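Bear in mind these aren't lab numbers, they're just calculated from the coordinates by the rules spelled out. On a predicted model such as this, the values are computed, not experimentally measured, just so you know. Note that each Cβ is placed from the backbone with ideal geometry, even for glycine, and that neighbours are counted across all protein chains shown.
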Amino acid sequence: MKSEKKQGRPRAFDARTVIGQAREVFWDKGFSAASLDTLSAATKLNRPSLYGAFGDKEELYLDALEGYREDSLDVLSEALDPALPLRENLARVYAEALKIYLHGETAARGCFLISTATAEAIQHARVREVLGRSLNEFDDAIKERMELAVKRGELPTDADPATLARLASAVMHSLAVRARAGDTRETLEALARSGVDLICGRT
């Protein structure tokens, strides 16, 4: 998917760190409003160095999206630990999501993928591809846990794991949008609990 990076002398910086710094800029400003000057200041790399290492702004943004996707899958995998009951798995998924979406108590930024990629997916086919692939991978990870839940009797035998996985994801995406819109932590946590009850049934 990514184009080949330019070859040159060895890098004097850590690419993962730079991509993470760029992601913070894109997250706060969005792709279109993130200027190269701002990205350069955040990464402490001048424009030629940025171009040489990552290509243009879109390439850097795509790298940031891919990194976020990988990080999110790691968090999701840990939260869906099959040693725990399904109810606790989902509660952990939403709790970990809110840690990211609310960014502590100071800035409700929502989800990097949902907040920025959905706006760019119409005009940028490669962004749309990463967005779609990421959402499908999140769904697949949750679906696998739902399938296990059916086998274990945590869900009814006639439950549809794929549909329930998409429902669980939909709650997560709603939390992301509402966090960015300014909903309180209390409101978001109540929505998360309702999502767990909807899927697992009330205790």
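Summary table
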read-out: Exposure rule at most 13 other beta-carbon atoms within 10 Å, DSSP loop GluC sites (Glu not before Pro): the chain longest free segment; value: 5-104
read-out: Karplus 3J(HN,Hα) series, Hz, for the stretch 135-143 with 6.51 cos²θ - 1.76 cosθ + 1.60 (x for Gly, Pro); value: 4, 5, 5, 5, 4, 4, 5, 6, 4
read-out: Ranked Arg145, Arg128, criterion: other C-beta atoms within 10 Å, fewest first; value: Arg128, Arg145
read-out: Neighbour-count order for Met146, Met172, fewest beta carbons within 10 angstrom listed first; value: Met172, Met146
read-out: Lysine pair count for the chain [Cα-Cα under 25 Å; pairs on different chains or 8 or more apart]; value: 13
read-out: Part-to-part distance (alpha-carbon centres) for the stretch 12-54 and the stretch 83-103, which is given in Å; value: 30 Å
read-out: Globularity index of the stretch 40-178, i.e. its alpha-carbon radius of gyration over 2.2 N^0.38 Å; value: 1.21
read-out: FRET efficiency estimate (nearest 0.05) - Cβ-Cβ, Asp160 to Thr38, R0 45 angstrom; value: 0.50
